Amino acid sequence: MPHTDRILSSGRASLAAAVPPVALGPLDGRYQPAVAPLVDHLSEAALNRNRVHVEVEWFVHLAEHAVLPGLAPLGDEQKAGLRRIVTGFDADAVAELAEIEAVTVHDVKAVEYYIGRRLPALGLGHLVPLVHFGCTSEDINNLAWALGVKDATTDVWLPAARALVADVAGLAESAANTPMLSRTHGQPATPTTLGKEMAVVAHRLGRQLSRIERTEYLGKINGATGTYAAHYASVPDADWTEVSRGFVEALGLTWNPLTTQIESHDWQAELYADVARFNRVLHNFCTDVWSYISIGYFQQVPVEGATGSSTMPHKVNPIRFENAEANLELSNALLDVLGATLVTSRWQRDLTDSSSQRNIGVAFGHSLLAVSNVRKGLARLDVAEDVLAADLDQNWEVLAEAVQMVMRAEAIAGVEGMDNPYERLKELTRGRRVDADRLQEFVAGLGLSPEAARRLSALTPATYTGIATELVRYL
């Protein structure tokens with residue numbers, strides 16, 4: 001692992017202490033414990049720490065490769081001291097940087113001055129001009145954002161999402177043999193198993209995670225309009241594209257060779273579209289589980305001391321899934337806007353991306369909160385197998401499909417009297433409740449071959465599930 005990656009994953013001062021005591025939004029207030037891990041990656045303080053990280057590593061990179069005439073490799077203690085500026089970035093550092101920015105009225109310039117203040121103590125005062133050398137602000141910003149988004153995704157969001165998928169997969173496996181009435185268009189339909197339906201969701205969510213895990217996090221460091229003009233004007237003999245490539249890749253990012261002043265953010269739009277799609281599948285799951293709870297397929301385990309209603313003491317509301325729905329919708333609203341906004345920039349640069357990106361943490365925060373709530377909701381569910389069984393037993397008409405298909409197969413095999421199977425079953429079952437006796441009587445009068453009659457007479461709604469149980473193994 002490159003040294004720069006180790007810095008990001010090493011022990012460092014937590015930025016959570018910088019959260020204001022009174023929050024405007026719910027993510028920094030009511031729900032702060034659920035989203036706190038994102039503070040260290042996508043907060044304003046984290047952005048500034050990552051800016052410091054990029055500036056420090058650029059300084060070290062230029063020195064270590066003697067890119068500029070007169071530069072010599074740094075001593076081990078000097079490099080360690082420079083990197084301590086990053087690992088020691090804490091609430092006091094946030095406050096100091098804010099004081100500098102109040103004067104500069106420029107966030108990245110404030111970072112440059114913040115680092116410059118610390119160089120004399122490291123015996124590097126003569127190299128203050130090397131800080132931010134050849135860089136435009138966006139050289140630092142795009143890399144800082146890429147590092148923050150990458151770490152938030154891989155270290156916080158993905159582990160939580162994987163744990164959720166594992167929970168759903170576990171439910172699928174435990175309920176693989178539990179027959180359940182399907183409801184296409186909200187109407188009784190061919191039975192399935194509860195486990196197979198949960199497996200469908202786990203498989204869908206897992207596919208989106210696979211896409212997200214393959215995300216390329218791009219970065220660039222090539223000057224004011226992506227031409228390396230200042231670099232070659234000041235040091236014409238250096239191979240600046242290779243210097244740039246080596247630096248970006250050492251940060252653990254993918255080098256983008258062709259940009260304007262900004263890195264084009266296409267990778268961000270791709271990532272946010274994948275996260276939003278995961279959110280949408282999860283939202284669909286929440287509405288389905290809510291509906292299953294409402295018809296009694298799932299029973300909610302009451303939380304000791306909790307209240308479901310201020311006036312109706314019997315209620316146990318599916319609040320975790322309802323909360324998740326709302327937060328997934330909020331997350332997707334932001335992710336969709338980010339994806340649409342970030343891929344557009346007027347000519348070589350405008351600042352719409354700067355304001356937009358400050359909401360990345362909010363978008364991930366609402367998704368992370370939803371994931372947390374769904375997991376908590378699932379942990380309080382019991383499968384009501386008796387309700388599922390009773391529902392199946394009240395809907396024998398769903399076997400009309402099986403009877404019709406057996407009649408078709410019999411007709412093809414040359415059995416007489418199998419004409420118009422669909423129409424005959426439609427007349428028997430459409431819009432009507434058919435019990436076991438009525439269906440058995442109908443089947444007995446069809447004149448089926450003995451083997452086909454045996455198969456149909458043994459069939460019940462609870463056993464008409466095909467290979468639903470076996471399909472769970474494809475998870």
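The values are calculated or read from the model by the stated rules, or taken from the named source; none is laboratory data. A quick note: this is a predicted structure, and the numbers were derived from the prediction, not measured. All Cβ positions, even for glycine, are placed from backbone atoms using ideal geometry, and neighbour counts span all protein chains on display. When the accessible area is computed, the model is the full protein with side chains, heavy atoms only, and any ligands, DNA or RNA have been set aside. Shrake-Rupley method; radii C 1.70, N 1.55, O 1.52, S 1.80 Å.
Of note:
- Looking across the range 175-199 at every residue that is aliphatic (A, V, I, L, M) and within 30 Å of residue 426 (Cβ to Cβ), the one that is surrounded by the most Cβ atoms within 10 Å (Cβ to Cβ) is identified as 180.
- Criterion (open to solvent by less than 50 Å² (accessible area, probe 1.4 Å) and under 18 Å from residue 384 (Cβ atoms)) met by exactly one of 161, 172, 144, 202: 172
- Of all the residues in the range 420-456, those that are more than 28 Å from residue 199 (Cβ to Cβ) and open to solvent by 60 Å² or more (accessible area, probe 1.4 Å) number 20.
- Among the residues of the range 76-95, those that are closer than 13 Å to residue 45 by Cβ, open to solvent by 40 Å² or more (accessible area, probe 1.4 Å) and either free of Cβ contacts under 8 Å to residues at least 24 places away in the same chain or assigned to a helix (DSSP H, G or I) (or both) comprise 91, 92, 94, 95.
- Against the numbered list (1) open to solvent by 20 Å² or more (accessible area, probe 1.4 Å); (2) touching a residue at least 24 places away in the same chain (Cβ under 8 Å); (3) among the hydroxyl-bearing types (Ser, Thr, Tyr); (4) under 22 Å from residue 322 (Cα atoms), residue 297 comes up short only at (1).
- Note on the range 367-403: residues that are open to solvent by less than 20 Å² (accessible area, probe 1.4 Å) and in contact with a Leu (Cβ under 9 Å, 6 or more places away or on another chain) total 14.
- Cβ-Cβ contacts under 6 Å between residues 6 or more apart (or on different chains), taken from a first residue in the range 401-430 that is within 19 Å of residue 455 (Cα to Cα) to a second residue that is open to solvent by 20 Å² or more (accessible area, probe 1.4 Å) and of a type in the set (Gly, Ala, Ser), are listed as 415/449; 417/447; 418/411.
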